[in-house]
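Read the structure below first, then the notes.
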Amino acid sequence: MSYVRSEDAQRAINELNKTSLNGGIMSVNRFIYKQENMLYKDSGLTPIAQNMKKTFDNNIFVNYIPLEVTEEQVRVKFETVGKIQSLKLTKKAQKST
């Protein structure tokens, strides 16, 4: 999920981490792109790399969302802390036993 403002992404982490959504307790953290990891391999960040880092600050990763939760329910819950720019809800298939 990506917020319009990085401050709102940080608020989502602070306020919504370990909160409930339809009975499931969510984990909310910064989303770290592979490209962002590569930026830190070099000790000095170029101006382009610094701008990229600011873009990454708007993104969060939410884990442990119950399977029955819809994208709209997630949007409603997370828009309480700020305007969402984009949201992608990926559901993993349950393992069969």
Can you tell me how much longer the chain between GLN73 and PHE31 gets when fully stretched, taken as 0.36 nm per residue apart minus their C-alpha distance, in nm with one decimal?
13.1 nm
Could I have the simple spin-label model distance between LYS18 and TYR64, label points 7 Å from Cα toward Cβ, reported in nm to one decimal?
1.0
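Just so you know, all these numbers are worked out from the coordinates, no wet-lab data involved. In this text the structure is predicted, and so the values were computed from the model without any measurement. Note that each Cβ is placed from the backbone with ideal geometry, even for glycine, and that neighbours are counted across all protein chains shown.
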